[in-house]
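Single-structure report; data block below.
The values are calculated or read from the model by the stated rules, or taken from the named source; none is laboratory data. Bear in mind that the values here come from a model prediction, so they are computed numbers and not experimental data. Glycine also receives a Cβ, built like all others from the backbone with ideal geometry; neighbour counts cover every protein chain displayed. Keep in mind that these areas ignore ligands, DNA and RNA; they rest on the heavy atoms of the full protein, side chains included. Shrake-Rupley method; radii C 1.70, N 1.55, O 1.52, S 1.80 Å.
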Amino acid sequence: MNTQIKFTTAAEAVKVIKSGDHIHLSSVASAPQCLIKAMCERGANHEFKDVHIHHLHTEGPAPYADPQFEGIFQLDSFFVGGNVRKVTQSGYADYIPIFLSETQKLYRSGTVPCDVAMIQVSTPDKHGYVSLGTSVDATLAAVETARTVIAVVNKHVPRSFGDAMIHSSKIDLFVQDDTPLEEAHFTEPNEIETRIGKHCAALIEDGATLQMGIGAIPNAVLAQLGNHKNLGIHTEMFADGVLPLVEKGVINGEAKNIDKGKMVSTFLMGSQRVYDFIDDNPGVLMMDVGYTNDPFIIAKNDRVTAINSALQVDITGQVCADSLGTKFYSGVGGQIDFIYGASLSKGGKAIIAMPSVTNKGISKIAPELTCGAGVVTTRNHIHWFVTENGAVNLYGKSLQERARLIISIADPSAQESLDRAAFERYGQHHHYVKNYMGK
């Protein structure tokens with residue numbers, strides 16, 4: 001039976017925050033902007049200090065990270081999105097390197113305290129249940145462990161199933177706000193991304209279970225899968241690119257061993273079409289990140305194909321997808337969770353895909369990673385590597401063999417210098433010179 005809930009204002013709700021508290025914000029489209037604004041108004045009035053903010057990627061404004069709030073708010077995010085990247089680079093914010101699968105464990109183990117969870121939920125149903133909608137990830141763990149849970153009830157939050165459903169009795173304070181959710185729109189793949197998509201699609205078998213990251217390359221891959229059959233989804237997130245394949249029946253989950261016929265994700269990032277798609281849809285399970293990103297759970301499905309991107313790869317197969325020197329911070333995310341899960345899966349394929357050069361024409365394949373670059377996928381984990389120039393399988397290959405294969409799909413203008421670097425590294429071995437450099 002539904003219990004009538006009592007609403008308060010955002011300004012009243014955030015009065016529970018006190019100096020030294022740790023605050024969790026729900027992720028991506030579900031960041032509770034009215035609570036963030038009210039919290040920052042209190043901060044601007046110097047009503048507290050040393051308040052720690054934690055979240056994964058969020059869409060929309062992040063005013064608490066502004067340098068004006070130094071000493072009032074300290075952002076220690078689990079993933080660095082574009083809205084807080086500049087302040088993180090400049091030292092006004094920081095981040096906690098952590099596998100996406102373990103973000104929930106930070107709260108459940110007490111390693112990171114959660115004093116106040118600020119979330120956004122759907123309208124309660126007749127049984128008193130609300131849905132976390134587009135953002136379960138570590139938010140469910142925050143709800144379970146927080147001293148106080150503040151929920152924005154928003155009619156635009158989709159009623160998603162799985163671990164997203166929680167009873168309103170788990171929430172301490174309710175605020176009404178019907179601002180539409182933030183949307184994310186992606187550009188159409190360019191020629192290079194389309195070529196990468198075709199190479200990746202050629203590796204995907206019928207009946208595969210897919211995981212793809214964020215951006216143009218995943219969309220480019222999905223655009224090439226129209227003639228595939230019985231694909232499934234088990235991923236940390238998905239966006240608009242999957243919808244045409246669901247409508248066509250290409251994605252149906254019928255070949256999955258677990259969650260058969262269901263699409264499994266932990267958060268969403270897309271347009272209103274995606275939010276409408278998951279609303280009241282029993283074919284989509286929004287699950288705790290400890291489930292979606294557990295490599296051993298991932299591997300229970302056969303032919304898991306994980307496609308993730310990178311910033312830089314060296315000629316031994318070290319993959320930088322976190323930080324490139326001091327110029328970029330992002331976070332570990334779910335890449336290694338799925339790379340490892342796909343590697344364990346029967347018939348699985350772990351794929352790293354990226355353009356061979358930057359927008360400025362600089363090779364993204366390097367003799368060595370840039371000093372200070374963050375290694376996410378080690379040379380021990382990488383299997384398939386794809387650029388617009390082809391796909392190579394590095395699994396079981398020696399360092400010298402890897403160098404040859406990786407260089408073979410580098411940009412042609414960079415291959416001579418990469419060959420020279422490989423020679424300097426392995427040149428004392430005659431068979432490298434003879435067999436791999438063609439000299």
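Computed on the stretch 7-176, with alpha-carbon pairs under 8 angstrom and 6+ residues apart, the relative contact order is 24 percent.
Of the solvent-accessible surface of the stretch 147-233, computed with a 1.4 Å probe and all protein chains present, 47% belongs to carbon and sulfur.
Summarising the amide proton neighbourhood of Gly347: residues at separation of 5 or more, or on other chains, whose placed amide H is nearer than 5 Å comprise Arg303.
Given Gly20, Ser90, Thr103, which one lies farthest toward the positive end of the charge dipole of the chain, if we put +1 on the Cβ of every Lys and Arg and -1 on the Cβ of every Asp and Glu? In the chain, that residue is Thr103. For the chain, averaging the sequence separation of C-alpha pairs within contact (under 8 Å, six or more residues apart) and dividing by the residue count gives a relative contact order of 13 percent. Maximal additional length on extending the Glu368-Lys6 stretch stands at 124.4 nm, based on 0.36 nm per residue less the C-alpha distance. Rolling a 1.4 Å probe over the heavy atoms of the protein chains gives the chain an accessible area of 41 Å² per residue. What the phi angles of the stretch 349-357 give under the Karplus curve with 6.51, -1.76 and 1.60, with θ = phi - 60°, is a coupling list of 9, 9, 10, 9, 10, 6, x, 6, 9 Hz, glycine and proline written as x. Residue separation of Lys86 and Asn359 scaled by 0.36 nm, minus their Cα-Cα distance, works out to 96.3 nm of gained length. About its Cα centre, the dipole of the stretch 252-318 is roughly 180 debye, where the only charges are +1 on Lys and Arg Cβ and -1 on Asp and Glu Cβ. Residue-wise HN-Hα couplings along the stretch 76-92, as the Karplus relation 6.51 cos²θ - 1.76 cosθ + 1.60 with θ = phi - 60° gives them from phi, are 10, 7, 8, 7, 9, x, x, 6, 10, 5, 5, 5, 5, 4, 7, x, 7 Hz; Gly and Pro carry x.
Taking every DSSP beta bridge that has both residues in the chain, what percent is antiparallel when rounded to the nearest 5? DSSP beta bridges in the chain are roughly 20 percent antiparallel. Partners of Lys256 within straight-line reach, counting lysines whose Cα lies under 24 Å from its Cα and excluding those fewer than 8 residues away in the same chain: Lys198, Lys229, Lys248, Lys300, Lys346, Lys349. If you take the beta carbon distance between Lys18 and Asp206 as r and set R0 to 60 Å, what does 1/(1 + (r/R0)^6) give as a FRET efficiency, to the nearest 0.05? Here the calculated transfer efficiency is 0.60.
Among the listed options (i) 40, 26, 17; (ii) 36, 27, 21; (iii) 41, 33, 18, the one matching semi-axes √(5λ) of the Cα gyration tensor in Å as calculated from these coordinates is (i). For the chain, modelled as a GNM whose springs connect Cα atoms under 10 angstrom apart, the maximal fluctuation among Met118, Met39, Met212 occurs at Met39. In a simple Cβ point-charge model (Lys, Arg +1; Asp, Glu -1; nothing else charged), the stretch 72-116 has a dipole of about 120 debye relative to its Cα centre. Within a straight-line Cα-Cα reach of under 23 Å, Lys360 can be paired with the following lysines, leaving aside sequence neighbours fewer than 8 residues apart in one chain: Lys86, Lys327. The 3J(HN,Hα) values that the Karplus relation (6.51, -1.76, 1.60; θ = phi - 60°) gives for the stretch 152-169 are, in residue order, 8, 8, 9, 5, 8, 6, x, 8, 9, 9, x, 6, 5, 7, 10, 7, 5, 5 Hz. Gly and Pro appear as x.
Counting only residues at least eight positions apart within a chain, or on another chain, the lysines with an alpha carbon under 22 Å from that of Lys170 are Lys6, Lys15, Lys18, Lys105, Lys126, Lys155. A simple charge model with +1 on the Cβ of Lys and Arg, -1 on the Cβ of Asp and Glu and nothing else charged puts the dipole of the chain at about 1020 debye relative to its Cα centre.
Simple rule: put +1 on each Lys or Arg Cβ and -1 on each Asp or Glu Cβ in the chain, find the dipole, and look at Leu75, Ala321, Ala141; the Cα lying farthest toward the positive end is Ala321.
Simple spin-label estimate for Glu401 and Ser417 gives 2.9 nm between the two label positions (7 Å along the Cα-to-Cβ direction from each Cα). Note on Ser169 and Asn190: their simple-model spin labels are 5.6 nm apart, each label 7 Å out from Cα toward Cβ. Calculated FRET efficiency, Glu254 to Asn393, Cβ-Cβ distance, R0 = 22 Å: about 0.20 to the nearest 0.05.
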